Each structure stands twice: as structure tokens, then as C-alpha cells.
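The values are calculated or read from the model by the stated rules, or taken from the named source; none is laboratory data. These figures come from a predicted structure and were not determined experimentally. Glycine also receives a Cβ, built like all others from the backbone with ideal geometry; neighbour counts cover every protein chain displayed. To get the accessible areas, we keep the full protein, side chains included, count just its heavy atoms, and leave off ligands, DNA and RNA. Shrake-Rupley method; radii C 1.70, N 1.55, O 1.52, S 1.80 Å.
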Amino acid sequence: MSHTDEMVQIKTEALGAIQHADSEKVLQDVKVKYLGKKGLVTGLMKNMKDLPKEEKPAYGQQVNDVRQAITQAIDERQAYLAEESLNQQLAEESIDVTLPGRQIANGATHPLTRTIEEIEDLFLGLGYEIVTGYEVEQDYYNFEALNLPKSHPARDMQDSFYITEDILMRTHTSPVQARTMEKRKGKGPVKIICPGKVYRRDSDDATHSHQFTQIEGLVVDENIKMSDLKGTLELLAKSLFGADREIRLRPSYFPFTEPSVEVDVSCFKCKGKGCNVCKQTGWIEILGAGMVHPNVLEMAGFDSKRYSGFAFGMGPDRIAMLKYGIEDIRHFYTNDVRFLDQFKAVEDRGETTC
Ligand code: FA5
């Protein structure tokens with residue numbers, strides 16, 4: 001085959017291969033095969049040495065024309081393939097703006113959080129501060145500073161998770177009272193509520209959990225009386241369970257308050273007649289309270305002759321159970337979305353009281 005025939009053949013083959021290259025990768029291979037350092041067009045130049053001198057310029061020109069034709073065909077194919085791939089990408093990624101949007105699943109505030117926030121709002125409105133303490137607490141603040149020395153039998157009322165002999169998971173929110181009073185260095189007034197988690201070695205059942213929440217309340221000032229406590233708790237009961245609720249105080253015992261009371265609210269379901277919610281008594285127990293024991297005031301550095309105070313401690317878990325008709329406290333902690341979802345509707349309706 002003559003050099004010219006060879007050239008024509010290479011050009012024809014190359015242009016065919018370029019037209020058939022269906023990807024940029026294949027096209028690149030074609031380019032290397034014909035125009036690369038060891039490519040076929042580059043190889044044509046090597047024929048020059050066999051040609052008579054006078055034919056060399058024309059031959060060189062022809063090879064350059066072939067190189068140029070192939071280069072141009074490759075560039076055109078390259079541009080075509082790039083456009084193709086862009087079109088394909090645009091088609092794949094196109095957004096149909098007419099499709100309906102996807103619903104975002106909204107959560108709802110946990111019923112316990114709702115109850116705690118509702119109680120906090122009431123007391124903030126009455127000028128109380130919110131103070132939080134430590135869930136891992138010293139025996140001193142959990143018991144001793146509350147008039148419960150090491151050997152006191154009333155410690156049994158709050159079976160405890162001890163970490164060391166002197167450190168435990170707090171069994172109530174009352175240590176926050178002791179710590180706050182100590183910080184105030186004997187100067188009133190103190191007007192606080194203390195929400196938080198507490199822990200007891202109670203066996204779990206429908207109304208007991210080993211971890212639950214409490215909200216403590218404490219007011220210390222000159223001239224604080226039992227009637228102040230009663231008025232405050234009446235307001236709380238009405239705010240939580242309805243404006244026509246009444247409360248009653250029954251004598252009780254807490255080492256840190258004297259006198260101590262259990263506080264009942266008239267049943268919101270049967271209005272005091274007797275039903276399954278109030279166990280046919282017409283009353284529901286909601287919290288413990290009393291006048292701060294002089295020993296507790298003195299241990300925290302307050303002069304008990306000048307200052308007096310009241311304190312109360314409630315369990316929002318039990319209050320939320322009553323408010324929302326929840327029959328098992330464990331629902332609060334198992335995070336079953338079917339349970340939690342029900343409170344979305346309550347929230348959407350903006351309900352606050354039962
Ligand atoms: C106390 O813990 C006192 N510190 C409350 C107090 C504070 C009294 C200030 C006087 C002055 P008690 O042990 O009764 O009291 O608990 C208070 C509330 O916590 C109970 O009324 C109940 O609602 C809740 N509670 C107690 N044990 C559990 C439990 N295992 N699971 C869920 N709630 C509980």
C-alpha cells in the first residue's frame with residue numbers, strides 16, 4: 001500500500017471511530033490511538049524518511065491536514081458528548097414543581113414537659129424564681145440539712161440509690177431548698193420553685209417509677225404563715241384542675257416541715273361525688289407541704305425567730321396522669337410514639353387544663 005493510501009485509510013478509520021465514540025472516555029482512547037505520541041498519525045510522519053526530498057513538503061502538509069481533520073472531528077464530538085451528558089443530567093435532576101409537598105412530621109411537647117411548664121408559668125407569674133440543682137447529690141443536702149440525720153428512720157420513706165456512702169441520686173427536689181437558702185446567707189426573701197428529676201429504689205408499677213419528676217416550692221421571709229401556703233396551693237389546684245376546685249389539708253409528717261400536711265384536691269371528674277379517678281372519696285392527693293422546720297432554717301443560716309417559710313413538693317408525673325387520664329406512669333418513659341402522638345391533638349387544640 002502506498003503512503004498516500006495508508007494515510008487515507010487511517011483518516012477514514014479515525015473519523016469513523018470518532019463518530020462512533022459514545023462516551024468521553026472512548027473518545028479519549030481514539031485520540032490517543034491516532035494522535036498520541038505513539039499514535040498512527042504520528043507514525044505517518046516516520047514515512048518521510050523514505051520519500052524523495054522534493055515530495056517531503058507535500059507529504060508533510062498532507063499528514064498535517066489529516067491531523068487537523070482528526071483533531072477537529074474529535075473537538076466537535078467532544079462538544080457534542082458534553083452537551084449530551086449535560087442534557088441527560090438535567091433530565092434526571094429535573095424538579096417537578098407541580099408535585100405536592102411532603103408532609104413534615106411534627107412532634108408534640110411531651111405531656112410531662114407540658115405539665116411542668118404549665119406549673120412553672122403559674123409560679124413565674126407569682127414572682128417565683130426557677131432554680132435547678134444536682135441529680136447526683138450529697139447525703140448532707142438530700143437528708144441531713146433537711147433535718148434527717150444519718151440514723152433517722154424517716155430516711156426509709158425514700159429508699160435511695162447510693163453511689164458512695166455520702167453521695168446518692170437525689171430522692172426529692174428538697175435539697176435545692178437547702179442549697180439555695182445556704183447561698184442566700186440568712187437573708188430573705190427566698191421565693192423559688194425547683195423542677196427536676198429524682199430517683200428512688202421503688203419497684204416500678206402503674207403509679208411508681210424509679211425515676212420521676214418533682215417540683216419543689218419554697219418561700220422564706222418574715223411573717224410567712226400557713227394561710228400563705230394554703231392560698232398558694234389553692235391557686236395551684238385551680239390552675240391545674242379547674243377554677244371550681246377546692247383543696248383540703250390533712251395532717252402528715254415530713255422531718256423538714258412542721259406542721260406538715262398532705263394536700264388533696266376535690267375530684268375534677270365527679271366534682272367530689274366519688275368516682276374511679278378519686279377512688280370514690282371525692283378527693284385526690286396531689287402533694288406534700290408544710291411550714292419549714294426551724295432546724296432547717298437554722299442549719300441553712302437563717303434566724304428562725306425572724307424568718308419563717310413554707311415549702312411544698314409535688315410529682316408532675318402523677319399530676320399529668322390525672323390531667324390526661326393516663327393509667328400507667330411507665331408510658332412517660334417508654335417513648336412509644338403512638339402514646340406521644342395523642343398529645344399532638346391536645347397541643348393543636350391549645351388545651352391547658354383537663
Ligand atoms: C417528698 O418527696 C417531699 N420532699 C415533698 C415535700 C417538699 C414535702 C417540701 C414538704 C415540703 P413525697 O415522698 O410524698 O414527698 O413525694 C412527693 C411526690 O412525689 C408524691 O406526692 C408523688 O406525686 C411523687 N412520687 C413519690 N414517689 C414516686 C414514685 N416512685 N413515682 C412517681 N411519683 C412519685
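Where helices (runs of 4 or more DSSP H) sit wholly within segment 1-112, those with at least 2 residues that are modelled with pLDDT under 90 and more than 30 Å from Arg318 (Cα to Cα) occupy 3-20, 40-45, 56-93. Within the option set Ile319, Ile286, being farther than 18 Å from Ser227 by Cβ and free of Cβ contacts under 8 Å to residues at least 60 places away in the same chain holds for one residue only, Ile286.
Of all the numbered requirements in (1) touching a residue at least 40 places away in the same chain (Cβ under 8 Å); (2) loosely packed, with under 12 Cβ neighbours inside 10 Å; (3) of a type in the set (D, E, K, R), Glu93 misses one, and that requirement is (1). When each of Ala145, Ala73, Ala82 is tested for being in contact with an Asp or Glu (Cβ under 8 Å, 6 or more places away or on another chain), over 30 Å from Gln342 (Cβ atoms) and surrounded by 17 or more Cβ atoms within 10 Å (Cβ to Cβ), the lone residue that passes is Ala145.
Within segment 213-257, the set of residues being within 10 Å of the ligand (Cβ to nearest atom), open to solvent by 10 Å² or more (accessible area, probe 1.4 Å) and not aromatic (Phe, Trp, Tyr) comprises Thr213, Gln214, Ser252.
The residue that is modelled with the lowest pLDDT, among those in segment 299-352 that are over 23 Å from Arg245 (Cβ atoms) and β-branched (Val, Ile, Thr), is Val337.
Residues in segment 312-327 include at least one that is in a helix (DSSP H, G or I), within 14 Å of the ligand (Cβ to nearest atom), open to solvent by 10 Å² or more (accessible area, probe 1.4 Å) and in contact with a strand residue (DSSP E or B) (Cβ under 8 Å, 6 or more places away or on another chain).
Look at (1) within 19 Å of Phe254 (Cβ to Cβ); (2) hydroxyl-bearing (Ser, Thr, Tyr); (3) open to solvent by less than 70 Å² (accessible area, probe 1.4 Å) and you find that Tyr128 fails only one, number (1).
The rows are residues; the columns are (1) within 13 Å of the ligand (Cβ to nearest atom); (2) closer than 18 Å to Leu297 by Cβ.
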residue	(1), (2)
Ser160	yes, no
Glu165	no, no
Met169	yes, no
Cys194	yes, yes
Gln211	yes, no
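If you go through segment 258-271 and keep only what is away from the ligand (no atom under 13 Å from the Cβ), in contact (Cβ under 8 Å) with a residue 12 or more places away in the chain and either crowded, with 17+ Cβ neighbours inside 10 Å or of a type in the set (Lys, Arg) (or both), you end up with Ser266, Cys267, Phe268, Lys271. Considered as a group, the residues in segment 5-59 that are within 60 Å of the chain's Cα centre (by Cα) and charged (D, E, K, R) include one that is surrounded by the most Cβ atoms within 10 Å (Cβ to Cβ), and that residue is Lys31.
Evaluation of Glu137 against the conditions (1) of a type in the set (Asp, Glu); (2) outside any helix (DSSP H, G or I); (3) out of contact with any helix residue (DSSP H, G or I) (no Cβ under 7 Å at 6 or more places or on another chain) shows that the sole unmet condition is (3). Checking each residue in segment 278-298 for being in a helix (DSSP H, G or I) and either away from the ligand (no atom under 15 Å from the Cβ) or within 16 Å of Ser266 (Cα to Cα) (or both) picks out only Glu298.
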